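Novice: One structure, pasted below without further comment.
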Amino acid sequence: MLLTSDLICHGVPSNDLFIKQIRKLENINACKIEEFLFRSKARFGQGCDIQVISCEGKSRFYNAELLPYFYGFWNNITLRPSCFVCGFAQTQRAGDITLGDYWLAKKEFPDVKMSKGLSLALVNTNKGEELWYKISNNLEYRESTLHQAERGQGQLKAPVCRPQANIDFLYSYGDMDFVSCCKNFLTPPLKYKLKCHIKNIIKLIIGFKYWK
């Protein structure tokens with residue numbers, strides 16, 4: 001039996017920009033990067049924490065919301081034009097089962113521990129339902145409605161909106177080096193930076209396992 005799954009996707013940024021971000025970090029740390037973990041749970045559990053592992057086996061952590069590559073992705077500045085007209089960003093899914101992150105799950109299920117995050121699984125077809133029946137006894141899960149899931153996953157209803165910054169970024173990207181790119185488009189405002197730093201300080205004080 002062929003079973004298909006699809007993913008809830010926020011969007012796809014430039015791979016070239018990702019390579020430039022890695023090279024920048026390698027230059028700063030004077031060491032080649034072997035692993036790049038976008039959502040490491042080592043420090044704070046669920047959240048936006050990037051862990052970079054060097055060729056020497058050393059780990060360094062960065063607030064993803066402040067790193068240029070992730071900041072551009074999260075704010076839709078660096079996404080591909082096709083992401084803003086994606087035909088798969090809708091309630092009618094392509095796969096038997098849809099997988100994604102259950103954002104805002106804490107509001108729907110206050111008693112659920114969120115330190116390691118929570119996944120979302122949508123059962124879309126009879127085949128998907130058959131599989132879920134077979135594996136559900138091995139899972140810890142809660143039943144949810146599609147409406148509840150949509151509150152934290154806008155891509156279940158429509159693609160992300162295209163900001164003017166994305167148009168300007170794509171128009172200028174070919175003529176800029178990484179430093180200029182960050183300066184003009186991928187540097188968070190001061191208020192945004194302060195909010196991120198304060199949030200991390202609170203996590204360190206109270207311990208991430210109690211954070212969510």
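Novice: From the mean inverse distance of alpha carbon pairs (Kirkwood) and the Cα radius of gyration, derive Rg over Rh for the chain.
Specialist: Working: Rg = 19.2 Å, Rh = 19.4 Å.
When Rh is taken as the Kirkwood radius, the ratio is 0.99.
Novice: Towards the positive end of the charge dipole of the range 85-156, with charges on Cβ (+1 Lys, Arg; -1 Asp, Glu), say which of Leu139, Asn126, Ala94 has the farthest Cα.
Specialist: The residue sitting most towards the positive pole is Leu139.
Novice: Here's something else I'd like to know. Which ³J(HN,Hα) values in Hz, rounded to whole numbers, follow from the phi angles of the range 111-117 under the Karplus curve 6.51 cos²θ - 1.76 cosθ + 1.60, where θ = phi - 60° and Gly and Pro get x?
Specialist: Residue by residue, the range 111-117 yields 8, 7, 6, 10, 5, 10, x Hz.
Novice: Say the cut-off is 18 Å between C-alpha atoms; which of Lys24/Lys183; Lys32/Lys58; Lys113/Lys193; Lys116/Lys191 go over it?
Specialist: Working: Lys24/Lys183 14 Å; Lys32/Lys58 11 Å; Lys113/Lys193 27 Å; Lys116/Lys191 27 Å.
Violating the 18 Å limit, Cα to Cα: Lys113/Lys193; Lys116/Lys191.
Novice: Using only the Cα atoms of the range 85-156, build the gyration tensor, take square roots of its eigenvalues as a ≥ b ≥ c, and label the shape rounded, prolate or oblate: rounded if a/c is under 1.5, else prolate if a/b is larger than b/c, else oblate. All intermediate terms of the calculation are to be shown ahead of the outcome.
Specialist: Details: a/c = 2.20, a/b = 1.09, b/c = 2.02.
Taking the square roots of the gyration eigenvalues as a ≥ b ≥ c, the range 85-156 is oblate.
Novice: Right, another one. Please report, in debye to the nearest 20, how large the charge dipole of the range 18-146 is about its Cα centre when each Lys and Arg carries +1 at its beta carbon and each Asp and Glu carries -1 there. Walk me through the numbers on the way to the answer.
Specialist: Details: 18 positive and 14 negative charges, 87 e Å.
Charge dipole, the range 18-146, about its Cα centre: 420 debye, nearest 20.
Novice: Apply the Karplus parameterisation 6.51 cos²θ - 1.76 cosθ + 1.60, with θ equal to phi minus 60°, to every residue of the range 60-74 and state each ³J(HN,Hα) to the nearest whole Hz, in sequence, with x for glycine and proline.
Specialist: For the range 60-74, the Karplus curve yields 10, 10, 9, 5, 4, 5, 9, 6, x, 4, 6, 4, x, 5, 5 Hz.
Novice: A further question on this structure: Rounded to the nearest 20 debye, what is the charge dipole size of the range 106-154 about its Cα centre when +1 sits on each Lys and Arg Cβ and -1 on each Asp and Glu Cβ?
Specialist: Numbers: 8 positive and 7 negative charges, 44 e Å.
Approximately 200 debye in magnitude.
Novice: Modelling each spin label as a point 7 Å along the Cα-to-Cβ direction, I'd like the Leu7/Thr187 distance in nm, to one decimal.
Specialist: It is 3.2 nm.
Novice: Using each residue's phi in the range 176-188, evaluate 6.51 cos²θ - 1.76 cosθ + 1.60 at θ = phi - 60° and report the 3J(HN,Hα) Karplus result to the nearest Hz, with x for Gly and Pro.
Specialist: 10, 7, 5, 4, 5, 4, 5, 4, 8, 10, 10, 10, x
Novice: Could you work out the relative contact order of the chain? I mean the mean sequence separation of Cα pairs under 8 Å and 6+ apart, divided by the number of residues, in percent.
Specialist: Numbers: 271 pairs, mean separation 57.0, N = 212.
Taking the mean separation of contacting Cα pairs over the length of the chain, I get 27 percent.
Novice: If you don't mind, there's one more thing I want to ask. Taking H placed 1.01 Å from N in the peptide plane, check which residues at least 5 places from Asp49 or on another chain put their amide H under 5 Å from its amide H.
Specialist: Residues meeting the criterion, in which the H sits 1.01 Å from N, are Ser40, Ala64.
Novice: Along the Cα→Cβ direction, 7 angstrom out, place labels at Ser172 and Leu99. What is the inter-label distance in nm?
Specialist: For Ser172 paired with Leu99, the spin-label model returns 3.8 nm.
Novice: Dipole magnitude of the range 75-212 about its Cα centre, charges +1 at Lys/Arg Cβ and -1 at Asp/Glu Cβ only, in debye to the nearest 20?
Specialist: On the way: 20 positive and 12 negative charges, 134 e Å.
It works out to roughly 640 debye.
Novice: Now for a separate question. I'd like the FRET efficiency for Ser82 and Glu108, computed as 1/(1 + (r/R0)^6) with the beta carbon distance as r and R0 of 25 Å, rounded to 0.05.
Specialist: Details: r = 31 Å, r/R0 = 1.25.
After rounding, the FRET efficiency stands at 0.20.
Novice: List the residues whose amide H sits under 5 Å from the amide H of Thr4, counting only those 5 or more places along or on another chain, with H placed 1.01 Å from N in the peptide plane.
Specialist: Amide H neighbours of Thr4, under 5 Å, 5+ apart: Asp96, Ile97.
Novice: Continuing with the same structure: For every helix of n ≥ 4 consecutive DSSP H residues, a contribution of -39,500 (n - 2.57) applies; sum these over the chain, divide by its total residues, and give [θ] at 222 nm rounded to the nearest 500 deg cm²/dmol. Write out the running numbers ahead of the final one.
Specialist: Details: 8 runs with 75 residues, N = 212.
Using -39500 (n - 2.57) per qualifying helix, the result is -10000 deg cm²/dmol.
Novice: Report the gain in length on full extension from Ile33 to Gln92: 0.36 nm times residue separation, minus Cα-Cα distance, nm rounded to one decimal.
Specialist: Full extension from Ile33 to Gln92 adds 17.3 nm.
None of the figures in this text is laboratory data; all of them are computed from the coordinates on show. Quantities reported herein were computed from a predicted structural model and do not represent experimental measurements. Every residue, glycine among them, receives a Cβ derived from its backbone with ideal geometry; neighbour counts consider all protein chains shown.
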